[in-house]
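Each remark here refers to the structure printed beneath this line.
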Amino acid sequence: MDRRKVLKQTGLLAGATVFGPSLFSLLQSCREEPRLDWKPEFFTEEEALTIAALLDAILPRTETPGALDVKADMFIDKVIAHTYDEKEQQGMRDQIAEFNAQCVKKHGSNFSDLGEAEKNEALKTAEANSGKFSRGVWGTAVGEQEPIGFYRAFKSMALWAYTTSEEIGEKVLNYDPIPGGYEPCKPLSEVGNRWSL
């Protein structure tokens, strides 16, 4: 084992005490797995293809990496495999199956097999039929939360997986490994991108 890898892993162990062992190890383990040899822990192959197609449609590669570039599909698979109970896992399977059934009914194929125009139409329909998140104050929802449905819940998870990835945190969002002082009245034009830490 080379010194850089040992130092990196030692640093991860120290950081894990701050960020929580389970989530932090899930984030890091996704980065080490080879893309072509990846076998889902939770998803079936068909479900994994649907999830990958959804991620690529929601967060495609542009001038910044896409969700698949940062292995968000692998991260989501690990989160569901290790943090969802059996009822929640079955609920996820049922929702993916229902989403694909709607795509088959309207377009003749599962989401992953559709063309770009059909995928966009399927996403517009899913967006229109999804509930909205209740407004919140300091991260807490105000009022009763209506059911949001599979698409909006998955979209939220996709954004979380994407923005918490190491590559996006360090290369796309503003990143300062050693944060400095507090500036309470800084003009928004000087702030720039959202901060990852």
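The values are calculated or read from the model by the stated rules, or taken from the named source; none is laboratory data. Please read all numbers here as calculations on a predicted model, not as lab measurements. Positions of Cβ are generated from backbone atoms using ideal geometry, with glycine treated the same way; all protein chains shown enter the neighbour counts.
Brief remarks on what is shown
- Looking at 150, 154, just one residue is within 14 Å of residue 50 (Cα to Cα), part of a helix (DSSP H, G or I), in contact with a Phe, Trp or Tyr (Cβ under 6 Å, 6 or more places away or on another chain) and modelled with pLDDT of 85 or more, and that residue is 150.
- Among residues of region 44-76, those that are surrounded by fewer than 16 Cβ atoms within 10 Å (Cβ to Cβ) and assigned to a helix (DSSP H, G or I), counted: 2
- Qualifying position, being over 19 Å from residue 172 (Cα atoms) and at pLDDT 90 or above, among 74, 1: 74
- Residue count, region 147-168 (criterion: without any contact (Cβ under 8 Å) to a residue 40 or more places away in the chain, surrounded by fewer than 16 Cβ atoms within 10 Å (Cβ to Cβ) and closer than 17 Å to residue 79 by Cβ): 2
Table: residues versus (1) in a loop (DSSP other than H, G, I, E, B); (2) modelled with pLDDT of 70 or more; (3) under 20 Å from residue 99 (Cα atoms); (4) of a type in the set (Asp, Glu).
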position: 121; (1), (2), (3), (4): no, yes, yes, yes
position: 130; (1), (2), (3), (4): yes, yes, yes, no
position: 133; (1), (2), (3), (4): yes, yes, yes, no
position: 146; (1), (2), (3), (4): yes, yes, yes, yes
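Residues are listed down the side, and each one gets a yes or a no for (1) farther than 20 Å from residue 50 by Cα; (2) in contact with a Cys (Cβ under 9 Å, 6 or more places away or on another chain):
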| position | (1), (2) |
| --- | --- |
| 71 | no, yes |
| 76 | no, no |
| 83 | yes, no |
| 87 | yes, no |
| 97 | no, no |
| 101 | no, no |
| 104 | no, no |
| 120 | no, no |
| 127 | no, no |
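- Members of region 95-116 that are touching a helix residue (DSSP H, G or I) at 6+ places or on another chain (Cβ under 9 Å), within 17 Å of residue 45 (Cα to Cα) and assigned to a helix (DSSP H, G or I): 95, 96, 97, 98, 99, 100, 111, 112, 113
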